[in-house]
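Student: Take a look at the following structure, please.
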Ligand SMILES: Cc1cc2nc3c(=O)[nH]c(=O)nc-3n(C[C@H](O)[C@H](O)[C@H](O)COP(=O)(O)OP(=O)(O)OC[C@H]3O[C@@H](n4cnc5c(N)ncnc54)[C@H](O)[C@@H]3O)c2cc1C
């Protein structure tokens, strides 16, 4: 199966198209093969090149590098998330471990940006967890208690304050965390592609079809060639399952998002000229909404079990209708047809929201499953899986490996039925928040 890119992502289409694309056309031998060139794979490649400057390192991607979820996400580099349980002390401890990993993720992205002077619209504006339902104050108050105990600076805001800050009267209550960064995801991942070290061989539009482990090497088959490698790192995130990796521990979920054109001066004035902001939902199936630096509105309000390889134009159009309603609910004063682009992207989920970071067999490594935190955690895990696969150790690996491990999932068709039922339940609970 091949990943079919919809070529309609507003973020990616902001960038100058790349040239000099190389595709795998013959058999290759290498020391290291990385499969998947998103934040995880690119960051693994950068680290491996530093650790093994004389070794042959290949990285492949089914589509253009960085044009999977890494280039098409909502651009929140998160310090905290709200979708984890945190009612007991044990859970608080697990939550803290997760937040420690988020923090390491922020640091590693910050370091990259500084080292390569990357412009990715970095904005340390923090983020809002907001709801139109006043009753959600209960959820936000208990979240606030957790944040207090872990020393995260935050504040709770009411409707008037939110109207002023966001330019919409839609939300009645929110919790704002000071930490967390908004950025342009495609600019960030493009910088990771552009700064790949010289000794990395990047092959794009090259899909790994199957792979097998022999005694001292792994054979990876592509349409136009076979790569014989000593070690392999799988960094395909939402496509781990389709490559037979940790199949009982992860599953893909398809998200869709839409972005408007830039608001005109008049339209922007009509909503009170707010500064750039980002809202995450209080309930899991509510909408993520951003006002970008250049006055576009981004909305992501679907998550579903779908064929991860392709979403047709018609299916995207249908999801755009849901996003149009979401924008109208929040900004009734804006014109009807301002959506300019709609796209889909794949994330990988585990049952207990824990990430995968493992050696799964001799010379075979995998990192993935970050849910909504892959910008930071993917960049961190890529770097650290390269260190682990090189037989070295780090304090970051210690922290990563102290987290809960992903728990076992039921087989198909029970898995899909269960996930669909859960998503439907969450959708009903968040009905007015989409
Ligand atoms: C709409 C949306 C919104 C999101 N919002 C956020 C957010 O605000 N903040 C956040 O932190 N995260 C967010 N995420 C999640 C985040 O984008 C991912 O966690 C992150 O991109 C994972 O990076 P990755 O490199 O592991 O995987 P990907 O970026 O998915 O890269 C994997 C690559 O593997 C390639 N591949 C797959 N199969 C094969 C094969 N057989 N052979 C070769 N290559 C293959 C794919 O083409 C892809 O490029 C969002 C995701 C989506 C889709």
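Student: Which one is farthest from the ligand (Cβ to nearest atom) among residues in region 18-39 that are within 22 Å of the chain's Cα centre (by Cα), outside any loop (DSSP other than H, G, I, E, B) and under 25 Å from residue 219 (Cβ atoms)?
Tutor: Checked region 18-39; the qualifying residue farthest from the ligand (Cβ to nearest atom) is 34.
Student: Okay, next question. Taking interchain pairs and intrachain pairs at least six residues apart, which have beta carbon atoms under 8 angstrom, with the first residue in region 356-374 and farther than 16 Å from residue 211 by Cβ and without any contact (Cβ under 8 Å) to a residue 60 or more places away in the chain and the second in a helix (DSSP H, G or I) and within 15 Å of the ligand (Cβ to nearest atom)?
Tutor: 357/381; 357/384; 357/385; 357/400
Student: Tell me yes or no: at least one residue of region 170-185 is crowded, with 16+ Cβ neighbours inside 10 Å, in a helix (DSSP H, G or I), within 16 Å of the ligand (Cβ to nearest atom) and within 18 Å of the chain's Cα centre (by Cα).
Tutor: Yes, there is a match, as at least one residue in region 170-185 is crowded, with 16+ Cβ neighbours inside 10 Å, in a helix (DSSP H, G or I), within 16 Å of the ligand (Cβ to nearest atom) and within 18 Å of the chain's Cα centre (by Cα).
Student: Sticking with this structure for a sec: Considering only region 43-57, I want to know if a residue exists there that is closer than 25 Å to residue 343 by Cα, more than 7 Å from the ligand (Cβ to nearest atom) and either within 18 Å of the chain's Cα centre (by Cα) or surrounded by 23 or more Cβ atoms within 10 Å (Cβ to Cβ) (or both).
Tutor: Filtering region 43-57 for residues closer than 25 Å to residue 343 by Cα gives 43.
Retained after the next criterion (residues that are more than 7 Å from the ligand (Cβ to nearest atom)): 43.
Narrowing the set further to residues that are either within 18 Å of the chain's Cα centre (by Cα) or surrounded by 23 or more Cβ atoms within 10 Å (Cβ to Cβ) (or both) leaves 43.
Taking every residue of region 43-57 in turn, at least one turns out to be closer than 25 Å to residue 343 by Cα, more than 7 Å from the ligand (Cβ to nearest atom) and either within 18 Å of the chain's Cα centre (by Cα) or surrounded by 23 or more Cβ atoms within 10 Å (Cβ to Cβ) (or both).
Student: Identify all residues within region 123-139 that are surrounded by fewer than 21 Cβ atoms within 10 Å (Cβ to Cβ) and farther than 14 Å from residue 170 by Cα; write none if there are none.
Tutor: Across region 123-139, the qualifying residues are 123, 124, 125, 126, 135, 137, 138, 139.
Student: Could you list, in sequence order, all residues of region 216-246 that are away from the ligand (no atom under 14 Å from the Cβ) and touching a helix residue (DSSP H, G or I) at 6+ places or on another chain (Cβ under 7 Å)?
Tutor: The one that is away from the ligand (no atom under 14 Å from the Cβ) and touching a helix residue (DSSP H, G or I) at 6+ places or on another chain (Cβ under 7 Å): 231.
Student: Something else: Take the residues in region 1-17 that are under 20 Å from residue 239 (Cα atoms) and touching a residue at least 24 places away in the same chain (Cβ under 8 Å), then tell me which one is nearest to the ligand (Cβ to nearest atom).
Tutor: Residue satisfying both the conditions and the ranking: 3.
Student: Let me ask another. When you go through (1) more than 15 Å from the chain's Cα centre (by Cα); (2) farther than 16 Å from residue 370 by Cα; (3) outside any helix (DSSP H, G or I) one by one for residue 90, which number turns out not to apply?
Tutor: (3)
Student: Now for a different question. Checking residue 207 against (1) within 16 Å of the ligand (Cβ to nearest atom); (2) closer than 23 Å to residue 57 by Cβ; (3) not in a loop (DSSP other than H, G, I, E, B), which test does it fail?
Tutor: Here residue 207 clears every test but (3).
Student: Another question about this same structure. In region 195-215, is there at least one residue being touching a residue at least 12 places away in the same chain (Cβ under 8 Å), surrounded by 15 or more Cβ atoms within 10 Å (Cβ to Cβ), in contact with a helix residue (DSSP H, G or I) (Cβ under 8 Å, 6 or more places away or on another chain) and under 15 Å from residue 278 (Cβ atoms)?
Tutor: Among the residues of region 195-215, not one is touching a residue at least 12 places away in the same chain (Cβ under 8 Å), surrounded by 15 or more Cβ atoms within 10 Å (Cβ to Cβ), in contact with a helix residue (DSSP H, G or I) (Cβ under 8 Å, 6 or more places away or on another chain) and under 15 Å from residue 278 (Cβ atoms), which makes the answer no.
Student: Could you identify the single residue in 42, 15, 104 that is within 28 Å of residue 218 (Cα to Cα) and modelled with pLDDT of 95 or more? Quick ask: steps written out before the conclusion?
Tutor: Values: 15 fails: within 28 Å of residue 218 (Cα to Cα); 104 fails: within 28 Å of residue 218 (Cα to Cα).
Result: 42 is the single residue among 42, 15, 104 that is within 28 Å of residue 218 (Cα to Cα) and modelled with pLDDT of 95 or more.
Student: Which of the residues that make up region 308-324 are touching a strand residue (DSSP E or B) at 6+ places or on another chain (Cβ under 9 Å) and away from the ligand (no atom under 15 Å from the Cβ)?
Tutor: If the condition is that a residue be touching a strand residue (DSSP E or B) at 6+ places or on another chain (Cβ under 9 Å) and away from the ligand (no atom under 15 Å from the Cβ), then 317, 324 are the ones that fit.
Student: Using beta carbons and a limit of 9 Å, which pairs, at least six apart or on different chains, have the first residue in region 307-322 and touching a residue at least 40 places away in the same chain (Cβ under 8 Å) and the second one crowded, with 17+ Cβ neighbours inside 10 Å and assigned to a helix (DSSP H, G or I)?
Tutor: Taking only residues 6 or more apart or on different chains, the pairs are 308/238; 308/239; 308/241; 309/239; 311/319.
Student: Residues in region 263-283: is at least one in a loop (DSSP other than H, G, I, E, B), within 14 Å of the ligand (Cβ to nearest atom), touching a helix residue (DSSP H, G or I) at 6+ places or on another chain (Cβ under 6 Å) and more than 16 Å from residue 126 (Cβ to Cβ)?
Tutor: no
Student: Among what's in region 345-370 and is under 28 Å from residue 324 (Cβ atoms) and near the ligand (Cβ under 7 Å from one of its atoms), pick the residue that is surrounded by the most Cβ atoms within 10 Å (Cβ to Cβ).
Tutor: Result: 345.
Student: In region 247-259, which residues are within 12 Å of the ligand (Cβ to nearest atom) and over 21 Å from residue 66 (Cα atoms)?
Tutor: Correct list: 250 only.
Student: Say whether the condition of being over 19 Å from the mean Cα position of the chain (by Cα), touching a residue at least 60 places away in the same chain (Cβ under 8 Å) and surrounded by fewer than 24 Cβ atoms within 10 Å (Cβ to Cβ) is met by at least one residue in region 60-71.
Tutor: no
Student: List every residue pair whose Cβ atoms sit under 7 Å apart, with the two residues 6 or more apart in sequence or on different chains, where the first one lies in region 229-240 and is free of Cβ contacts under 8 Å to residues at least 60 places away in the same chain and the second, anywhere, is more than 9 Å from the ligand (Cβ to nearest atom).
Tutor: none
Student: The conditions are (1) assigned to a loop (DSSP other than H, G, I, E, B); (2) in contact with a helix residue (DSSP H, G or I) (Cβ under 9 Å, 6 or more places away or on another chain), and residue 47 fails exactly one of them. Which is it?
Tutor: That leaves (1) as the condition not met.
The values are calculated or read from the model by the stated rules, or taken from the named source; none is laboratory data. Keep in mind that this is a model prediction, so the values were computed, not measured. Backbone-built Cβ (ideal geometry, glycine too); neighbour counts: all protein chains shown.
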